[in-house]
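Below: one structure, written as structure tokens.
The values are calculated or read from the model by the stated rules, or taken from the named source; none is laboratory data. Since the structure is predicted, the reported quantities are computational estimates derived from the model, not experimental observations. For neighbour counting, all protein chains shown are included, and Cβ atoms are generated from backbone atoms with ideal geometry for every residue, glycine included. The accessibility values were calculated without ligands, DNA or RNA, using every heavy atom of the protein model including side chains. Shrake-Rupley method; radii C 1.70, N 1.55, O 1.52, S 1.80 Å.
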Amino acid sequence: MKLLNFILGRLFVYVMVLVVGMTILFFVPRFAPTDPVDAMLAKVASQSGYMEAAQVDALRASLADTFGLQGSMIDQYGAFLKRIFLTADFGPSLSMYPTPVTELIARALPWTFGLLFTATIIAWVLGNFVGLLAGWRPESNPARVMEGIAICLYPVPYYIVALILSVLFSYVWSIFPLTTTIRGAPWSWDLIRSILWNSFLPAASIVITVFGWWIISVKAQTTALKEEEFIRYARLKGLSDTRLLTRYVLPNAILPQITFLALQIGLMFNGSLITEIIFDYPGLGLLIYSAVLQGDYNLLMGTISLSIVAVATATMIIDFLYPLVDPRIRHG
Amino acid sequence: MADIRHFFQDSPFRLHVGLLLLLIVGCIGLLLPWFAPVDPLEWYTAPRNQAASAAHVLGTTSLGQDIFWLLTWAVRNSLILGLVVAFFSTLIGVFLGLTAGYVGGAADRFLSFLMDALICIPTLPILILLAALFGGQLGLTAAGVALVLFNWPFPGRQVRAVALSMREREFVNVAWFSGESRTRILTRHIFPYLAGWSAANFINTVLVVIATESALAVIGLSSARQATIGTMIYWALEYQALLAKRYVWIGAPVLAIVLLFVGLFLVSSGLAMRSSDRRMSV
């Protein structure tokens with residue numbers, strides 16, 4: 001019963017997060033100093049030269065539709081939500097006309113997802129492992145060194161690490177490619193090698209920045225847990241260090257780490273956007289960036305709505321891991 | 001005076017190191033800009049592409065700007081943005097967090113829900129959208145307002161949690177039964193406990209705000225009319241400082257931001273450690 005309540009409550013929060021996010025997206029264009037439709041039309045007109053009056057009107061209607069500027073405010077809001085949640089239709093891309101926005105997003109999404117997912121898992125597992133050991137013996141030299149490194153790495157933003165890595169490994173020693181070019185026939189070894197080769201630096205920059213935080217927070221957990229009665233009892237019982245760590249400390253230290261993962265996923269997503277732009281990696285970040293540069297508002301609204309949905313969904317999925325590791329929710 | 005000495009004596013080592021780093025960066029950003037001989041943003045006020053020399057300590061950019069003075073202005077603007085946004089975010093966060101935690105009921109449910117929702121929404125895409133709508137560049141004021149909107153829930157949530165636990169404490173009940181008003185209980189009894197947490201949160205917000213603005217600036221979507229640490233990196237990249245092997249131009253802002261962030265993090269975590277120690281001991 002408790003599990004069901006947990007899932008239903010979380011689903012409710014998920015829906016409400018989406019509604020708040022989309023409401024913000026709905027109102028943001030209305031606060032802009034310039035009319036986005038006019039700005040857009042001017043841009044299109046300057047790029048394509050002469051346009052028929054009828055063409056301009058059709059484009060204006062399509063743009064007004066994209067921004068949900070037709071009808072009364074309440075109609076607009078309803079139509080906006082309906083388009084995002086039910087039809088997921090953002091119209092054609094204006095810079096890569098007439099490819100639909102959804103198709104461009106579908107092409108970019110696997111890259112962002114693959115990059116962020118892999119980097120997050122590596123950083124989380126590695127950081128928790130190192131932090132757990134460091135917290136178990138906080139006075140030892142390796143633990144101090146690891147904490148020092150973590151403290152210096154954690155506050156440094158993603159793009160700084162990305163820049164430093166690209167300067168070191170692409171300019172100074174040209175080991176890795178400066179920008180991403182994926183080559184190779186589909187499903188071939190060449191393609192896989194090319195993907196791994198090109199993804200190495202972007203993934204490394206995300207892993208390096210995130211990893212410090214996991215060390216710091218799991219170390220604090222472990223140090224606090226060590227003082228608990230049940231750990232002392234288990235130690236007096238004569239259990240080995242390995243057993244103490246894996247069966248007693250780890251399950252308790254990992255719970256808050258999952259909460260933190262859920263809280264951090266939005267920040268990590270922000271970071272991966274910038275990393276992609278710096279490395280020219282063909283994911284969602286680069287798509288958003290090119291949409292801004294080319295004034296492609298359809299694409300921009302599509303990619304940004306999707307970012308919010310993606311982060312909210314990822315947060316919820318992580319929260320659903322909770323009952324798997326916390327028996328109190330499962331059997332409560 | 002005794003208070004200050006006490007503060008320095010019982011604080012952890014990391015707080016000292018952090019304060020020292022902040023002092024250095026603060027000196028660069030808040031003191032030195034007053035001494036800039038010319039407006040460092042102005043092009044061709046110095047010979048172009050100079051290496052470091054007595055006249056130009058860090059050399060000059062390929063636009064004829066003195067890198068050292070440009071850096072002081074960039075650090076100043078980033079710091080001002082961070083401090084102002086953090087001030088308002090903390091103010092709103094503490095106020096609404098206290099309201100939620102102490103008043104409870106429907107107000108708490110609504111505010112908690114709003115905070116949870118805002119925390120889940122990624123800030124950067126929304127800022128990018130704003131920048132696009134503002135014609136490709138987001139001014140510092142507009143960016144600041146948006147950042148306040150997305151950053152108050154972090155202190156808010158924490159304040160709410162502390163206020164909830166405070167509500168059950170004996171001394172708060174005693175104050176309540178001796179007829180003190182709600183405002184007085186909040187300001188005189190609960191707020192002192194929150195001060196340490198709020199300070200840590202404030203510094204954390206400064207960090208997040210400067211990081212987010214620079215992220216926007218590095219990809220060229222922040223105001224180009226004002227120098228910030230991020231726009232300085234953007235200009236260096238834009239004018240191929242790397243290909244020309246002019247590493248100081250790009251290295252100086254990168255080093256400044258790293259020192260600033262490590263300093264801010266050390267101070268904020270040092271303060272958090274201190275206030276959790278104190279909370280345990282009460």
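With r defined as the distance between the Cβ atoms of residue B:141 and residue B:13 and R0 fixed at 56 Å, what FRET efficiency is calculated, to the nearest 0.05?
Numbers: r = 39 Å, r/R0 = 0.69.
Given R0 = 56 Å and the Cβ-Cβ separation, E is 0.90.
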Fill in the blank from the handout: Here the alpha-carbon Rg of the range B:1-160 over 2.2 N^0.38 Å rounds to 1.41
Handout entry: Kirkwood Rh, angstrom, the range B:119-183 [1 / mean 1/r, Cα pairs]
Key = 15.0 Å
Practice task
Would you mind working out the accessible area per residue for the range B:156-282, using a 1.4 Å probe, and quoting it in Å²?
Solution key: 43 Å²
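Hey, any idea what Rg/Rh is for the range B:79-174, computing Rh the Kirkwood way over Cα pairs? Kindly include the intermediate steps, with their values, before the conclusion.
Working: Rg = 16.0 Å, Rh = 14.5 Å.
Ratio of gyration radius to Kirkwood radius: 1.10.
Would you compute, from DSSP H runs of 4+ residues alone, the mean residue ellipticity of chain A at 222 nm, taking -39500 (n - 2.57) per run and dividing by the full residue count, rounded to the nearest 500?
Working: 13 runs with 245 residues, N = 332.
Value at 222 nm, helices only: -25000 deg cm²/dmol.
Hey, what's the Cα Rg ratio for the range A:160-201 versus the globular rule of thumb, 2.2 N^0.38 Å? It would help to have the intermediate numbers written out before the result.
Working: Rg = 11.6 Å, N = 42, 2.2 N^0.38 = 9.1 Å.
Output field value: 1.27.
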Fill in the blank from the handout: Interface residues of the range B:184-226, defined as losing at least 50 Å² of accessible area versus the chain alone with a 1.4 Å probe, are B:219
Exercise for the section: Treat each spin label as a single point 7 Å out from the Cα along the C-beta direction, and report the residue A:122 to residue A:57 distance in nm. Expected result: 5.7 nm
Practice task
Any chance you could check the range B:129-153 for residues losing 10 Å² or more of accessible area when the partner protein chains are in, compared with the chain on its own (1.4 Å probe)?
Solution key: B:129, B:130, B:132, B:133, B:134, B:150
Exercise for the section: Note down, for chain B, the three equivalent ellipsoid semi-axes (square root of 5 times each alpha carbon gyration tensor eigenvalue), biggest first, whole angstrom. Expected result: 42, 23, 13
Exercise for the section: Quick one: plug the Kirkwood hydrodynamic radius of the range A:76-136 (C-alpha pairs) into Stokes-Einstein at 37 °C, 0.692 mPa s, and report D in µm²/s. Expected result: 220 µm²/s
Problem - Accessible solvent surface per residue of the range A:173-252, calculated while the other protein chains remain in place, 1.4 angstrom probe, Å² - result: 61 Å²
Handout entry: Cα-based equivalent ellipsoid of the range B:188-280: semi-axis lengths in Å, sorted from largest, via gyration tensor
Key = 37, 14, 7
Completion exercise
Rg/Rh of the range A:262-319 (Cα atoms, Kirkwood Rh), to two decimals, equals 1.01
Handout entry: Value of [θ]222 nm, deg cm²/dmol, for chain B, DSSP H segments ≥ 4, -39500 (n - 2.57) each, nearest 500
Key = -22500 deg cm²/dmol
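For the range B:226-266, what is one quarter of the convex hull surface built on the Cα atoms, given in nm²?
Details: hull surface 11.7 nm².
Dividing the Cα hull surface by four gives the mean projection, 2.9 nm².
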Practice task
Return the carbon/sulfur percentage of the accessible area of the protein assembly as shown, one whole number, probe 1.4 Å, all protein chains in place.
Solution key: 68 percent
Practice task
Please report the buried accessible area for the interface of B with A, total over both chains, probe 1.4 Å, in Å² to the nearest 100.
Solution key: 3900 Å²
Fill in the blank from the handout: Scalar couplings 3J(HN,Hα) for the range A:170-178 by Karplus 6.51 cos²θ - 1.76 cosθ + 1.60 (θ = phi - 60°), nearest whole Hz, x for Gly and Pro, are 10, 8, 5, 10, 7, 8, 9, x, 6
Exercise for the section: Starting from the Cα of residue A:237, draw a straight line to each of the lysines and keep only those under 18 Å, dropping any in the same chain fewer than 8 residues away. Expected result: A:226
Exercise for the section: Can you tell me the alpha carbon radius of gyration of the range B:149-228 divided by the globular rule-of-thumb value 2.2 N^0.38 Å? Expected result: 1.61
Handout entry: Histogram of C-alpha separations across the range A:126-229, 5 Å bin width, %
Key = 2, 13, 17, 15, 13, 12, 10, 8, 5, 3, 1, 0
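Taking a quarter of the surface of the convex hull around the Cα atoms of chain A, what do you get in nm²? Walk me through the numbers on the way to the answer.
On the way: hull surface 92.1 nm².
Here the figure is 23.0 nm², rounded to one decimal.
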Fill in the blank from the handout: log10 I(q)/I(0) for the range A:227-306, Debye formula on C-alpha points only (no solvent), q = 0.18 Å⁻¹, two decimals, reads -0.78
Problem - Eligible aspartates and glutamates near residue A:219 by straight Cα distance, threshold 19 Å, same-chain separation 8 or greater - result: A:139, A:147, A:227, A:228, A:229, A:241, B:277
Exercise for the section: With unit charges on the beta carbon (Lys/Arg positive, Asp/Glu negative), name the residue among B:175, B:139, B:208 whose Cα is farthest towards the positive pole of the charge dipole of the range B:73-224. Expected result: B:175
Fill in the blank from the handout: In the range A:254-274, the residues losing 50 Å² or more of accessible area (1.4 Å probe, heavy atoms of protein chains only) relative to their chain alone are A:263, A:270, A:274
Completion exercise
Here the FRET efficiency for residue A:99 versus residue B:27, based on Cβ atoms and R0 = 60 Å and rounded to 0.05, is 0.70
Exercise for the section: Please give the per residue volume of the convex hull enclosing the alpha carbon atoms of the protein assembly as shown, rounded to a whole number of Å³. Expected result: 211 Å³
